[in-house]
Amino acid sequence: MPRIISFNCDACGLSGDRSPYSCQQCDFMIHQSCIDLPEIINVNRHEHRLSRRLQLSPGSWICGFCHKKVDWSYGAYSCSICPNYAIHSNCAIRDDVWDKLELKGISEELQEIKPFKVIDENLIHHFSHEEHYLQLNEENITCSRNIRCEACVSPINYQAFYSCVQCDFLLHETCANLPRKKRHMYHDKPLALMVGDMMEFDCSACSQCSSGFRYNNKSFNIDVKCSTLSESIFHESHGCTLYYIYGNNKECIACGNRSYCTFYCDDCKFGLDPKCVVLPKTTKHWYDDHPLSLCYRVNTKGEYWCDICEESVEKYWFYKCDDCCVAFHTKCVLGDLSHLMPGRRIITYHDELRIEVMQTSPRFLPRCYYCRSRRAVPFVLKLFYPNQTVFACSSDCLLFTHQVCKFLY
């Protein structure tokens, strides 16, 4: 029965000041809006189903979404498989967390679609490469930067990988084991793993242009690297756990850009955007003969200048060569196109324009049609028009170049 009174809702733990529903026998009180809370749900912050509880078992509970204390004496959602996971009732039903499906009475899909079939010892048949079998290679070898994984488009370096027994198709062992479907904090609906094709896409998390595998739901895409990030991460640049937050427009400590999607430590006011979280810790560039390591500017003194563009590195993260004592901007080392497979043709939304990803070198450094520079980025795009061939050094330059050239050639 409704009555006007100040109270704490037993379902969500929040205070109310009018018209709760209460039980006269046990003094149980509940918001009218909490009466219809779903019993069983899926959220994008956890891999298992969550069930609504009138109260949790006594103990110290932390919400899996907002990371604040959950009062065990009030209602919340918890996981029957993971004994320490719980989430506030109001956090669980947020639009960006819950897919709005009540799962009570719906059987759980226990059988996961495996990404490959085992043919023999170290031999598999992967769904992304149905033509041939893939052989496992476990030797720690360093490959050319041309030799890249089809899924994450990263070089095959010091990692076990599968190689096709008949062609040049390669997959990291970890990428070969990626689940066909998964839930992720970046989207409230389940995502399906789509194999790479000639169509490039922009990752909805890090905004990088990519041609590798992707997790997809309609127009939403995240690349393989971003898909591996969890709701809480530990990054070696910071001593505390970083939690994923959305919508607060925080500044990234690594690059200075502001982002609505951030991994953040509220105690230290330390934040990283998704693009900088997945920066490779070591990489190579033809400008230097040695491996380059990512520097977080911890205990670094003095002023640094990029050896490629000869401009100041300022206060943000950079790559350095310890052998040569030189520094490089991350954007100069990686460029804007490092998630595209070199030597491949790609298809973009720019009409039927034929585009090829080209690897640069000291002997091949073409001038960008739009910005007119010869940037020492690792990759450029070659655009084939009926009467002209031009180059673009970044995704932005590609856009502006095509806007001009489609009317000229």
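The values are calculated or read from the model by the stated rules, or taken from the named source; none is laboratory data. What you see is a predicted model; the values in this text were computed from it and never measured. Here Cβ is always computed from backbone atoms with ideal geometry, including for glycine, and neighbour counts include all displayed protein chains.
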Does SER293 fit the bill of being under 17 Å from the mean Cα position of the chain (by Cα), assigned to a strand (DSSP E or B) and of a type outside the set (Phe, Trp, Tyr)? no
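Take ASP396 and tell me if it is buried (at least 20 other Cβ atoms within 10 Å of the Cβ) and in contact (Cβ under 8 Å) with a residue 60 or more places away in the chain. Let's see the steps before the verdict.
Values: buried (at least 20 other Cβ atoms within 10 Å of the Cβ): no; in contact (Cβ under 8 Å) with a residue 60 or more places away in the chain: yes.
Considered against the rule, which asks whether it is buried (at least 20 other Cβ atoms within 10 Å of the Cβ) and in contact (Cβ under 8 Å) with a residue 60 or more places away in the chain, ASP396 comes out as no.
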Can you find a residue in the range 364-382 that is more than 20 Å from ASP289 (Cα to Cα), out of contact with any strand residue (DSSP E or B) (no Cβ under 9 Å at 6 or more places or on another chain), modelled with pLDDT of 90 or more and among the small types (Gly, Ala, Ser)? yes
Of all strands (runs of 3 or more DSSP E) fully inside the range 33-143, the set with 2 or more residues that are more than 30 Å from TYR21 (Cα to Cα) and either in contact with a helix residue (DSSP H, G or I) (Cβ under 8 Å, 6 or more places away or on another chain) or in contact (Cβ under 8 Å) with a residue 40 or more places away in the chain (or both) is 123-126, 134-137
Whether any residue in the range 296-303 is in contact with a strand residue (DSSP E or B) (Cβ under 9 Å, 6 or more places away or on another chain) and surrounded by 20 or more Cβ atoms within 10 Å (Cβ to Cβ) is what I want to check. no
Checking GLU150 against (1) over 13 Å from the mean Cα position of the chain (by Cα); (2) surrounded by fewer than 20 Cβ atoms within 10 Å (Cβ to Cβ); (3) assigned to a loop (DSSP other than H, G, I, E, B): exactly one of these is not met. Which one? (2)
Give ALA192, ALA205 a once-over and let me know the one that is of a type outside the set (Lys, Arg), outside any strand (DSSP E or B) and either outside the structural domain of CYS152 (by TED's automatic domain parsing) or free of Cβ contacts under 8 Å to residues at least 60 places away in the same chain (or both). ALA205
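Every residue, every condition in (1) modelled with pLDDT of 95 or more; (2) loosely packed, with under 13 Cβ neighbours inside 10 Å; (3) in contact with a Gly (Cβ under 9 Å, 6 or more places away or on another chain), yes or no:
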| position | (1), (2), (3) |
| --- | --- |
| ASP17 | no, yes, no |
| ASP36 | no, yes, no |
| ILE40 | yes, no, yes |
| HIS46 | no, no, yes |
| ILE81 | no, yes, no |
| ASN90 | no, no, yes |
| ARG94 | no, no, no |
| ASP99 | no, no, no |
In the set ASP288, ASP267, the lone residue that is outside any strand (DSSP E or B) and surrounded by 18 or more Cβ atoms within 10 Å (Cβ to Cβ) is ASP288
Mind checking which residues of the range 149-189 are without any contact (Cβ under 8 Å) to a residue 24 or more places away in the chain and of a type in the set (Val, Ile, Thr)? ILE156, THR174
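Inside the range 387-400, can you point out the residues that are polar (S, T, N, Q) and within 15 Å of VAL357 (Cβ to Cβ)? Working first, answer last.
Here is the first cut: in the range 387-400, the residues polar (S, T, N, Q) are 387-389, 394-395.
Passing the criteria: THR389, SER394, SER395.
Name the one entry in SER211, SER259 that is in contact (Cβ under 8 Å) with a residue 40 or more places away in the chain and among the small types (Gly, Ala, Ser).
Criteria check complete, one pass: SER211.
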Matching strands (runs of 3 or more DSSP E) fully within the range 326-409 where at least 2 residues are touching a Pro at 6+ places or on another chain (Cβ under 7 Å): 354-359, 379-385
Only one of ASP71, ASP96 is charged (D, E, K, R), out of contact with any Pro (no Cβ under 8 Å at 6 or more places or on another chain) and under 18 Å from LYS182 (Cα atoms); which? ASP96
Residues SER211, SER219, SER207: which one is surrounded by fewer than 22 Cβ atoms within 10 Å (Cβ to Cβ), out of contact with any Ser or Thr (no Cβ under 6 Å at 6 or more places or on another chain) and more than 29 Å from VAL313 (Cβ to Cβ)? SER219
